[in-house]
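Please read the structure below before turning to the comments.
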Amino acid sequence: MLRYLILCLTCLSLTACVDRSVSETLPEALRVGTPATVFATTTRAREPDGSYGSRRAEALRYLELTVSIPPSHTPGELEFSYADPNPNKQFVLADVTEFSGPQDLKSRLRGVEDVILFVHGYNATQSETAFRAAQLTHDIGIPGSTFIYSWPSQARGTGYAYDLDSMLFARDGLETTIRNLKAMGVKRVVLMAHSMGGALSMEMMRQAELREPGWSKRNLEGVILISPDLDVDLFRSQMNSIKSPPDPFVVMVSKKDKVLNLSARLRGTADSQRLGNITSVDALAEYPINVIDTTAFNSDAGSSHFVAATSPALLAILSSVRSVSSTFGPDRPGIDVLAPPSTRNPDGATEIVLTETGQAQVSAP
């Protein structure tokens, strides 16, 4: 059974018979594509060939990546190649600059007030993460600067156990990243995490709270967990340590998330649910969070495990709401698109079920 589950995870993942740690850099891609700047901090070790792979590094590195978005791009799609990329049809890495330290990054961020910090999940490379962050912020039209925190995933379908250890290893680097951003003068940081990145984000906030109660709310404008690969009981324990969580705090779920079903089986808990595919918010009723159910968009999405980024219909709705929302402005860098103030319950959880027509059914347990 275990071998079967690992095989399924491998097939559902991005793993291919290529070296995924290396992505060709083509400066000429910007002649046809739209440039997108993605800043990065990483705890991946730099390899002799210049790539950032799965080995863990103690020191945090600071990067600026330039991604070329192809003219043929349509919302929800993410086409790229590891070798011989076609900038007319694919996302391409056009430039990579490594800073000598946080001071160099600070000079590039002068005047920046809003940052979306994206944390990837299991089985991801640094380049893939940059492409996904660029695609997601481009398709929704989220303002501010785009950041990624790139932790040392093995980027293999069979590397789940390694990635679990790397996720825990990466907690300090993520906390340091946020502390540095605030020290550089960034006013608002929104933490957006996918899958195992949600577990990393929760662990990071928990450890910061144990040292400095109230740290998360003081330093984060909001939190968005997308399809979090996280045990519900563990999430409750973490939330109990984060007594005053950032507002808003959003969890995006899908009841048809196949990857999370496999994740539960790998842990010997096939009868239980992961946070990202819960069918009821009753177990979360005491926490002031918004749980957004995206199940209705599963058939439209390219991935049941990342509906928020791969469903053209959902992306169109989010983009439309962002462009007309009166609450979305210089004081709120995009978070109110997913959790408008009118839906937030300060005393407990709010469930928001999105429909394909763009309607939202709001209820509390």
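The values are calculated or read from the model by the stated rules, or taken from the named source; none is laboratory data. Keep in mind that this is a model prediction, so the values were computed, not measured. Note: ideal-geometry Cβ built from the backbone for every residue, glycine included; neighbour counts use all protein chains shown. Each accessible area value is taken on the protein alone, full model and side chains, heavy atoms only, with ligands, DNA and RNA left out. Shrake-Rupley method; radii C 1.70, N 1.55, O 1.52, S 1.80 Å.
Structure values in brief
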{"item": "Which of 227, 150, 204, positive extreme of dipole for the range 145-269 (C-beta unit charges)", "result": "227"}
{"item": "Residue order for 206, 46 - accessible surface, 1.4 angstrom probe, largest first", "result": "46, 206"}
{"item": "Cα→Cβ-extended label distance, 7 Å offset, between residue 282 and residue 232, nm", "result": "0.9 nm"}
{"item": "The chain, helix-only ellipticity at 222 nm - DSSP H runs n ≥ 4, -39,500 (n - 2.57), divided by all residues, nearest 500", "result": "-9000 deg cm²/dmol"}
{"item": "Separation between Cα centres of the range 284-316 and the range 208-257, rounded to whole Å", "result": "17 Å"}
{"item": "Solvent-accessible surface ranking, highest first, for 256, 243 at 1.4 angstrom", "result": "243, 256"}
{"item": "Cα-centred dipole magnitude for the chain, charges only on beta-carbon of K, R (+1) and D, E (-1), debye, nearest 20", "result": "440 debye"}
{"item": "Global form of the range 178-222, assessed from the alpha-carbon gyration tensor, a/c cut-off 1.5", "result": "oblate"}
{"item": "Relative contact order for the chain, counting Cα pairs under 8 Å that sit 6 or more residues apart, in percent", "result": "15 percent"}
{"item": "Debye, to nearest 20: dipole size of the range 39-163, +1 on Lys, Arg Cβ, -1 on Asp, Glu Cβ", "result": "280 debye"}
{"item": "Options (1) 5, 26, 37, 26, 6, 0; (2) 5, 24, 29, 21, 13, 6, 1, 0; (3) 5, 19, 28, 26, 15, 6, 2, 0 - which one matches P(r) over Cα pairs in 10 Å bins from 0, in percent as calculated here", "result": "(1)"}
{"item": "Solvent accessible area, Å² - residue 272, 1.4 Å probe, full protein context", "result": "50 Å²"}
{"item": "Accessible area (Å², 1.4 Å probe, nearest 10) - residue 25", "result": "60 Å²"}
{"item": "Estimated distance in nm for a label pair at residue 86 and residue 172, the labels positioned 7 Å out from Cα along Cα-to-Cβ", "result": "4.6 nm"}
{"item": "Built amide H within the under 5 Å cut-off of residue 148, gap 5+", "result": "39, 40, 41, 118"}
{"item": "Exposure rank, largest accessible area first [211, 236; 1.4 Å]", "result": "211, 236"}
{"item": "Residue-level accessible surface for residue 293, protein heavy atoms, 1.4 Å, Å²", "result": "10 Å²"}
